[in-house]
Amino acid sequence: MKILVCGGAGYVGAHVARELHLRNHEVTVLDNLSTGHRQAVRWGRFVQADVMVPPSLDSVLRGGAFEAVVHLCALSIVSGSTADPYGYYLNNVQGTLNLLRSMRDHGVGKLVFSSTAAIYGQPLSDVISEDHPKNPLSPYGASKLMVERILADAATAYGLSSVSLRYFNAAGAAYLDGIGESHQPETHLIPNVLRSLLAGSPLQVFGNQYATPDGTCVRDYVHVRDLASAHALALDYLGNHTGAHAFNLGSGAGFSVMDVIRTAERVTGKRASVILREPRAGDPAQLVASSLLAQTELGWHAPLHDLDEIVLGAWRWHQDPAY
Ligand code: UDP
């Protein structure tokens, strides 16, 4: 299939482009390089364009003969979205509307959308399935939920077929292929643990009085390569399913911040030093996915990679990052 990967120079997007290329799809990456990396675009053609600039989008989609779009362009820092909600809604919602209109105008009827566990908000159950109530705690989560709603309306009005993939905690790297996680600033736990181990500097732990076994937050870490394979399966799914669909993507296993630190110490052979900080605003105590629906509907089998492999891959990447 001829596929446009919007945001394909970013962390998850680069792994998606790699996966689609390995499955013999013809990939074009569109990215404005605001947070993505040109060096991460290693599979397929690259066009620098911006979902916030409709004429630049139209020029890519016109005559592109794309059969589907994978849309991962977004501002995605939760605290950033609380500080700058206008910016986040504009980029994540208006930017997506621009893309959807351009897709409609140029006859592209299939979309895989990068959504998030942040749409659920404070969990009401130990494990979250797709029908869990959606009460996002941040403008970031709300912006993704708004797009999911728009996709449902677009299915009815314009016949757009879509799959929203609700990522839990993406982690790890395809380091042998020269891609991995590189954010500036970095807010995520695993890269921060590894960077502090490399630098011999302390790691900040945000809160240790949560209602979890060791008091630190529990998350569901899923290998970015497993996430990427779900995008390929979602595109296959759209071959014979119309309408708007949504699936959780997680491993189903929860690990606390301290579990991650211990794993990183074991994998790297280094000792971490920790500074305890106040909890971050809006951090739920536990977020663990049920991915049963993705398994039964998409045929996705997670996890192919456990936490040790995730941390080891990320460690190899962080020791010698390509960008
Ligand atoms: N965390 C931490 N120190 C860090 C980064 C994250 O203690 O330097 C904690 C954070 O408070 C949360 C968990 O690690 O409880 C996972 O955070 P991350 O930002 O990786 O993912 P999130 O679940 O917030 O999307």
Phi to ³J(HN,Hα) by Karplus 6.51 cos²θ - 1.76 cosθ + 1.60 over the range 212-222, Hz, x for Gly, Pro: 10, x, 10, x, 9, 5, 9, 10, 10, 8, 10
Cβ-placed point charges (K, R +1; D, E -1), dipole of the chain about Cα centre in debye, nearest 20: 480 debye
For the chain, what does the helix formula give at 222 nm: sum of -39500 (n - 2.57) over DSSP H segments with n ≥ 4, over the residue count, nearest 500 deg cm²/dmol? -10500 deg cm²/dmol
Cα pairs beyond 18 Å in the range 144-299, in percent, come to 66 percent
Per the charge dipole of the chain (beta-carbon charges, Lys/Arg positive, Asp/Glu negative, Cα centre), the residue among 200, 138, 223 reaching farthest to the positive end is 200
For the range 239-250, Karplus-derived ³J(HN,Hα) couplings (6.51, -1.76, 1.60; θ = phi - 60°; whole Hz; x for glycine and proline) come out as x, 9, 9, 9, x, 10, 10, 9, 9, 6, 10, x
Using a Cα-Cα cut-off of under 25 Å, which lysines could be cross-linked to residue 110, ignoring same-chain neighbours fewer than 8 residues away? 2, 134, 144
Which far-off residues, 5 or more places away or on another chain, put their amide H under 5 Å from the one on residue 270, with H placed in the peptide plane? none
I'd like to verify something in the chain: which complete DSSP H helices, judged by Cα projection on the helix axis, reach 30 Å or more and average at least -0.5 on the Kyte-Doolittle scale? none
20 Å-binned pair-distance histogram of the chain (Cα, whole percent): 33, 60, 7
Environment charge of residue 305, counting only residues whose C-beta is closer than 9 Å and scoring Lys/Arg +1, Asp/Glu -1: -3
Amide H contacts under 5 Å for residue 166, restricted to residues at least 5 apart in sequence or on another chain and with H modeled in the peptide plane, are 115, 247, 248, 249
With a point put 7 Å past each Cα toward its Cβ, work out how far residue 125 is from residue 153 in nm, to one decimal. 2.9 nm
Taking H placed 1.01 Å from N in the peptide plane, check which residues at least 5 places from residue 205 or on another chain put their amide H under 5 Å from its amide H. 275, 276, 277
For a bin width of 5 Å, list the pair-distance distribution of the range 76-210 built from all Cα-Cα distances, rounded to whole %. 2, 8, 14, 17, 18, 16, 13, 6, 3, 2, 1, 0
Descending accessible area (1.4 Å probe), largest on the left, turns 149, 104 into 149, 104
Whole Å is fine, so just give me how far the alpha carbon centre of the range 289-315 lies from that of the range 118-165. 21 Å
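The values are calculated or read from the model by the stated rules, or taken from the named source; none is laboratory data. Since this is a predicted model, take the numbers as computed values, not measurements. Glycine also receives a Cβ, built like all others from the backbone with ideal geometry; neighbour counts cover every protein chain displayed. Note: accessible area is taken over every heavy atom of the protein model, side chains too, but ligands, DNA and RNA are not part of it. Shrake-Rupley method; radii C 1.70, N 1.55, O 1.52, S 1.80 Å.
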